[in-house]
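Asker: The following block contains the structure, expressed as C-alpha cells.
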Amino acid sequence: MTAPADVTSSGAGPGTTSVLLVEDDPGVAAQLVRALTRGGYLVDHVSTGGDALRRREHPDVVLLDLGLPDTDGVQVCRQLRQRSDVAIIVVTAFGEESDRVTALDAGADDYLVKPFGVSELLARIRAVLRRVKPEGDVVRHGPLSMDFRTRKVTVGGAEIPLTPKEFDILECLATDPGRVQTRQDIVETAWDANWYGPTKVLDVHIAALRRKLGVPGLIETVYGRGFRLGDV
Ligand code: CA
C-alpha cells in the first residue's frame with residue numbers, strides 16, 4: 001500500500017511503515033493483521049522464529065510473540081538485534097515477567113502483555129517508531145494537519161484542541177484518507193478490540209469533531225458503511 005497523493009507523510013508515517021508480525025496463533029495473528037492493516041501499516045506475517053530470521057525484507061517494526069513453536073522468542077530477538085536496529089516489540093502472555101526482562105536485555109524496545117487492545121498496540125508502535133525515527137509523523141489532508149507524535153491537530157494552521165477520544169477517531173480516519181472506515185473499525189480502534197457498546201456514542205464524538213474542525217465535508221458519512229475523510 002502506498003500513501004495517497006494528497007497525503008504527505010514524513011518519516012515513519014502510516015501507510016509507508018512495515019510491520020513484521022511473528023505470531024504462531026492463527027486467531028491472534030488474523031486479528032493483529034486486521035488491526036495493523038486498518039491502522040495503515042504494511043503487514044508481513046510469519047508463524048515461526050525461523051521464518052522471521054529468514055525474511056530478507058527490512059521491516060520498520062517487528063512485533064514478536066515470545067512463545068513460538070520452533071525457537072525461543074528471546075533468541076530470535078537477540079539475533080534480529082545483532083543484525084539491525086529495527087524496532088522490536090515483544091509480546092508475552094500474562095505472568096511471563098522474566099521473559100520480558102530477558103527480551104529487553106536481548107535488545108527489545110518495548111513489550112506488550114496479552115491480552116492487549118488495538119489502541120494500546122498502535123500507541124506502542126508509534127512510540128517505538130518515534131524513538132527509532134524521531135523526525136516526525138505528520139499527515140496532511142486538505143486544510144487538516146495531524147501530527148501523531150505531538151498529537152497536535154491544526155486546520156488551516158490554527159490549532160484545534162481535541163479530546164483524546166476525538167483524536168483517536170480522527171487518527172483512524174486520517175491514517176488512510178479516502179478509505180471508508182466502518183463504525184465497528186473506528187470503535188475497535190478508538191476504544192478497544194472487544195468493545196460492544198452502542199455505536200451511538202461514536203455519533204456523539206463525530207458530531208463534536210465536525211463542530212470543532214469546522215470544515216464541512218471533511219468527515220464524510222458514507223451511508224450504511226461508515227465514515228471517511230472527504231475531498232475538501
Ligand atoms: Ca505463541
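Asker: I'd like to know which of Ala106, Gln184, Gly117 lies farthest towards the positive end of the charge dipole of the chain, counting +1 on Cβ of Lys and Arg and -1 on Cβ of Asp and Glu.
Answerer: Gln184
Asker: Quote to one decimal, in nm, the extra length available between Arg81 and Arg179 on full extension: 0.36 nm per residue of separation minus the C-alpha distance between them.
Answerer: Gain on extension, Arg81 to Arg179, equals 31.7 nm.
Asker: So for the pair Arg151, Phe116, with labels modelled 7 Å out along Cα→Cβ, what separation do we get in nm?
Answerer: 1.7
Asker: Grab the beta carbon distance between Ala208 and Val132, set R0 = 35 Å, and tell me the FRET efficiency rounded to 0.05. Each step should come with its number before you reach the end.
Answerer: Values: r = 34 Å, r/R0 = 0.97.
That pair, Ala208 with Val132, gives E of 0.55.
Asker: With a 1.4 Å probe and all protein chains left in place, how much accessible area per residue does the chain have, in Å²?
Answerer: 47
Asker: Order these peptides, 23-36, 115-128, 169-182, by their mean beta-carbon neighbour count within 10 angstrom, highest first.
Answerer: Values: 23-36: 16.4, 115-128: 18.4, 169-182: 21.2.
Peptide ranking by packing, descending: 169-182, 115-128, 23-36.
Asker: Let me ask another. Once the piece of chain linking Ala158 and Asp72 is laid out straight, how much longer is it, given 0.36 nm per residue of separation minus the C-alpha distance between them?
Answerer: Value of the extension gain: 25.9 nm.
The values are calculated or read from the model by the stated rules, or taken from the named source; none is laboratory data. From a predicted model like this one, the values you see are computed outputs, not experimental measurements. All Cβ positions, even for glycine, are placed from backbone atoms using ideal geometry, and neighbour counts span all protein chains on display. Heads up: the accessible areas ignore ligands, DNA and RNA and are worked out on the full protein's heavy atoms, side chains in. Shrake-Rupley method; radii C 1.70, N 1.55, O 1.52, S 1.80 Å.
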